[in-house]
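The values are calculated or read from the model by the stated rules, or taken from the named source; none is laboratory data. Being a predicted model, the structure only gives us computed values, none of them experimental. Here the Cβ positions follow ideal geometry from the backbone for every residue, glycine too, while neighbour counts run over all protein chains shown. Protein only, heavy atoms only, side chains kept; ligands, DNA and RNA dropped before computing areas. Shrake-Rupley method; radii C 1.70, N 1.55, O 1.52, S 1.80 Å.
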Amino acid sequence: MAKETRNLESIDPEYRDDATQARTLPVLPVRDTVLFPHAVLPLTVGRESSVQLINSLGEDKTIVVVAQREARIDNPQPTDLYALGTLAVVHKVVKMPNQSLFVFAEGLERVRVDEYAQLQPFMRATVETVSEVFPPKSSELEALQRNVLTLFQQIVSGSPTLSDELSTVAMNIEEPGRLVDFIASSLPSLSTKDKQEVLETPDVRTRLERMNSHLTKELEVQQLRNKIQSEVQDRVQQTQREYYLREQMKAIQKELGESDENTRDVEELRTKIDEAKMPEDVKKEALKELGRLSRMSPMAADYGVTRNYIEWLAVLPWQKSSGSEVDIVKAKEILDADHYDLERVKNRILDYLSVRRLKPGMKGPILCFAGPPGVGKTSLGKSIARALGRKFVRISLGGVHDEAEIRGHRRTYIGALPGQIMQGIRRAETNDPVFMLDEIDKVGRDFRGDPGSALLEALDPEQNATFRDNYLDVPFDLSKVLFITTANMLETISEPLRDRMEIIELQGYTEPEKTHIAFQYLIPRQVEENGVTAEQIEFTEESIGFIIRHYTREAGVRNLERNIGTICRKQARRLAEGKTEKLIVTPEIIQKRDFLGGMKIRVDTEIAERTKRHGVVVGLAWTPAGGDILFVEATAMKGKGGFNITGQIQDVMRESMQAALSWVRSNAAQLGIDEDYFANHDIHIHVPAGAIPKDGPSAGITIVTALVSLLTGKQVRPLLAMTGEITLSGNVLPIGGVKEKFLAAKRAGVRDVIFPADNKMNVEEDLLPQQLDGVSVHYVTTIEEVLQVALPQSPQDRRVDAETREQVISGVPVA
């Protein structure tokens, strides 16, 4: 075997090996590791030759650990190893599952490999101890040692990977040579070459100087790295950091072979876009956004926004219509089955359906159902949808203040969505639903915009073919949609919006109509909803009329249905308690405490009782709920000609009272009133229910009648109501809300109604003959005619009125 001699003088010219006897020991080559004296190092032994070396050790566990010059060499030869190594003792050997060994070796001293005596199966070589050269103690040496220690402590404190315990250990090492060896073995930033250079430097002073140079350079690098990292963190925003992380995640997923969900999402959206049959300009915009999405990371901030936008474009029914053929006969049957009366409304709807059958491409009208609550406006919209065979969509506009609720938000806003119009179209899944906009008269207006103006684009037939939602920002054709709006009051709807609607008024119902509706619709529905059957409860026609007259005071039938439901629930409780007999609902049962209790309303009796006094007259007023009666009271007292008005009276009605007083004073002689009466008396006119504001120009004849009744001492007829405005010359002017006022009078039990003669046409057009049954309508043109009807002239008429009044007060039916 060839002998190789290593001359350490080539490593350090000052080196001289004067001591130590040569020994032959096993040599363990290691990669990327340098073992220093007095250090314990865990070594992983995996090469076959190295494993045999460890297994061959007997009681003497001494070996020589030498670093390889090149770590990638698997079978190193003597020329591949450094000439200086470390004598070490093996303390513990752990066998690993992969047949390798985990060895704990402690360095003892530096040794020089002189000659390799064996290469197979593992290396053995003759080694000699290398003695360290210790310089004499001096202040310069001590300062150098302290500088090395300080630099090492600064590096440890600034490094996130080095333990603070290293500083403590280093502080407790007094020997400068051991301190340098400890620092060299603890710094991961030192390369194998640098560590070997420290190991091959036996002169302690030189070793300190070299380590000082290494530490100074390392500290500068560390400080520069921290500075750069701090600057980068300040400069890079959160989204950019996330982008880098997501890119790394994509790369990791690609290496792991995981599927790319982003690609699947893009392909699914592309398929949806192709199936949606969008217009070309919309499809172009959708594909443009899809291209942006495909280049975007799924975890990017804009990814969800863009994806939602594309999904909205893809799911809208661009070309999907109901496609059902209009059957006029079937539509009429459905409307008649769902709603009683409302002939005018039904005829208008059937006219629309007939035109659509002849011209399928016609633009949909904007119908507005106006009327008091509970008359069937919303349910009528559902019936229209069923008659047309279309989807029904309903949104409530009551209290909406924000224009974005109609047109949607811009996509730049967080949580942006399309407006209620496009959301309703998406729910309908067709581009021609029946779209009901409830409570359009209650749309608000403030600093957030005017939703009423935003509705113009959607409702105007000339504009809605290219309706553009702020979120979608592409035109959508709404011309095929049948828009239906509902309102209680037309005055609060903006004029431009009202101009685009075809207004169909739904007035209140009379008692016979309510009775018919109750038996045809309300009772069957409440019986079913409350768990009873028709065999367990029966309503008589008399009981329904009793509820209408004495427990409800409304234009519609909502409270009537509530009271019917209450009685059904009472019967359900009786059945649950074991009382199985059938309940026949009569007025006596209704008035029991455990049903509806005593009568809540006795308007006819109230009218008869209150008009016993002079100066009390019943007027008629229009309200958003349909109409109501209004008592006007006048009284006089000693005074100096004062005139007081109370009862929350607004300006228009206050002017009517002034005009009425002026007419009465100017015609005092003809009325038989002392002309000096007004100078010696104060007159007070009061309209009760003072908490309710009252205004309107139609109470003039009522106030005149109250004043004349007071000043002449004549009572008005017991069941009389009137409405009409006056002029100072004594003419009676026409008024509005004829049907609502008439129905309110009839609900109150009034038998005679005075209307201006100019409103006769309204009565004949708006009221059906059966609605006029039981009520006499008197048409007047002057105040004198009003007084002739309202104030009995002959003793015979007064006697008949007094008898009628007593019959009403006592509860006897009046023929």
Looking only at the stretch 150-163, filter to residues that are under 55 Å from the mean Cα position of the chain (by Cα) and free of Cβ contacts under 8 Å to residues at least 40 places away in the same chain; which one of those is surrounded by the fewest Cβ atoms within 10 Å (Cβ to Cβ)? Pro160
For a quick check of your reading of the model, give me the residue pairs whose first member lies in the stretch 40-59 and is of a type in the set (S, T, N, Q), whose second is assigned to a loop (DSSP other than H, G, I, E, B), with beta-carbon atoms closer than 6 Å and at least 6 apart or on different chains. Ser49/Pro121; Ser49/Phe122; Gln52/Pro121; Gln52/Phe122
Yes or no: Lys382 farther than 30 Å from Ala555 by Cβ, at pLDDT 85 or above, open to solvent by 20 Å² or more (accessible area, probe 1.4 Å) and basic (Lys, Arg)? no
Filter the stretch 293-322 for residues that are at pLDDT 85 or above and either open to solvent by 90 Å² or more (accessible area, probe 1.4 Å) or in contact with a Gly (Cβ under 7 Å, 6 or more places away or on another chain) (or both) and give the result. Gln319, Lys320
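Per-residue answers, yes or no, for (1) under 22 Å from Gln507 (Cα atoms); (2) of a type in the set (Lys, Arg); (3) surrounded by fewer than 21 Cβ atoms within 10 Å (Cβ to Cβ):
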{"position": "Ala518", "(1), (2), (3)": "yes, no, no"}
{"position": "Glu529", "(1), (2), (3)": "no, no, yes"}
{"position": "Glu542", "(1), (2), (3)": "no, no, yes"}
{"position": "His550", "(1), (2), (3)": "yes, no, yes"}
{"position": "Glu554", "(1), (2), (3)": "yes, no, no"}
{"position": "Gly565", "(1), (2), (3)": "no, no, yes"}
Across the stretch 541-556, what is the number of residues that are aliphatic (A, V, I, L, M) and part of a loop (DSSP other than H, G, I, E, B)? 1
For the stretch 756-775, check the following and say yes or no: at least one residue is open to solvent by less than 10 Å² (accessible area, probe 1.4 Å), within 16 Å of Thr705 (Cβ to Cβ) and among the aliphatic types (A, V, I, L, M). no
Which is of a type outside the set (Val, Ile, Thr), under 25 Å from Arg31 (Cα atoms), crowded, with 16+ Cβ neighbours inside 10 Å and touching a residue at least 40 places away in the same chain (Cβ under 8 Å), of Glu128, Glu197, Glu109? Glu128
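If you take the residues in the stretch 622-648 that are of a type in the set (Val, Ile, Thr) and modelled with pLDDT of 80 or more, which one is surrounded by the most Cβ atoms within 10 Å (Cβ to Cβ)? Before the answer, list the steps.
We begin by selecting, within the stretch 622-648, every residue of a type in the set (Val, Ile, Thr); these are 623, 629, 632, 635, 645-646.
Now narrow it down to the ones that are modelled with pLDDT of 80 or more: 629, 632, 635, 645-646.
Working: Ile629: 21, Val632: 25, Thr635: 17, Ile645: 16, Thr646: 12.
That would be Val632.
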Restricting to the stretch 273-292, count the residues that are open to solvent by less than 10 Å² (accessible area, probe 1.4 Å) and small (Gly, Ala, Ser). 1
Looking at the stretch 567-579, which of its residues are open to solvent by 90 Å² or more (accessible area, probe 1.4 Å) and either touching a residue at least 24 places away in the same chain (Cβ under 8 Å) or among the basic types (Lys, Arg) (or both)? Arg569, Arg573, Lys579
Wholly inside the stretch 639-752, strands (runs of 3 or more DSSP E) that include 2 or more residues that are in contact (Cβ under 8 Å) with a residue 40 or more places away in the chain and of a type in the set (Phe, Trp, Tyr) are none
Pairs where the first residue, in the stretch 23-36, is farther than 13 Å from Asp194 by Cα and the second is open to solvent by less than 20 Å² (accessible area, probe 1.4 Å) and of a type in the set (Lys, Arg), C-beta under 8 Å, 6+ apart: none
What do you reckon, is Leu166 in a helix (DSSP H, G or I), among the hydrophobic types (A, V, I, L, M, F, W, C) and either touching a Gly at 6+ places or on another chain (Cβ under 9 Å) or surrounded by 15 or more Cβ atoms within 10 Å (Cβ to Cβ) (or both)? yes
Across the stretch 582-621, which residue is farthest from Ala790 (Cα to Cα) among those that are of a type in the set (A, V, I, L, M, F, W, C) and modelled with pLDDT under 80? Met599
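If a residue has to be of a type in the set (D, E, K, R) and touching a strand residue (DSSP E or B) at 6+ places or on another chain (Cβ under 7 Å) to count, how many in the stretch 648-668 make the cut?
The total comes to 1.
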For Val133, state whether it is open to solvent by 30 Å² or more (accessible area, probe 1.4 Å) and not polar (S, T, N, Q). yes
Restricting attention to the stretch 354-372, the residues that are assigned to a helix (DSSP H, G or I) and open to solvent by less than 60 Å² (accessible area, probe 1.4 Å) number exactly 2
Enumeration of residues in the stretch 711-725 that are under 18 Å from Val780 (Cβ atoms) and in contact with an Asp or Glu (Cβ under 8 Å, 6 or more places away or on another chain): Arg717, Leu719, Leu720, Ala721
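Just one of Thr79, Thr5, Thr20 is in a helix (DSSP H, G or I), of a type outside the set (Gly, Ala, Ser) and either closer than 19 Å to Glu197 by Cα or modelled with pLDDT under 80 (or both); which is it?
Checking each option against the conditions leaves just Thr79.
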Unmet requirement for Ala286, which otherwise passes all of (1) farther than 30 Å from Tyr521 by Cα; (2) in contact with a strand residue (DSSP E or B) (Cβ under 9 Å, 6 or more places away or on another chain); (3) among the small types (Gly, Ala, Ser): (2)
From Asn559, Asn563, which residue is assigned to a helix (DSSP H, G or I) and free of Cβ contacts under 8 Å to residues at least 60 places away in the same chain? Asn563
Counting only helices (runs of 4 or more DSSP H) wholly inside the stretch 399-462, the ones holding at least 2 residues that are open to solvent by less than 30 Å² (accessible area, probe 1.4 Å), on the phi > 0 side of the Ramachandran plot and in contact (Cβ under 8 Å) with a residue 60 or more places away in the chain are none
Would you confirm, using the coordinates I've provided, whether Asp351 is of a type in the set (Asp, Glu), open to solvent by less than 50 Å² (accessible area, probe 1.4 Å) and more than 23 Å from Gly424 (Cα to Cα)? no
All-but-one check, Asn172 against (1) surrounded by 13 or more Cβ atoms within 10 Å (Cβ to Cβ); (2) more than 60 Å from the chain's Cα centre (by Cα), failing number (1)
Any idea which residue in the stretch 686-721 is most open to solvent (accessible area, probe 1.4 Å), counting only those that are touching a Phe, Trp or Tyr at 6+ places or on another chain (Cβ under 8 Å) and at pLDDT 85 or above? Leu711
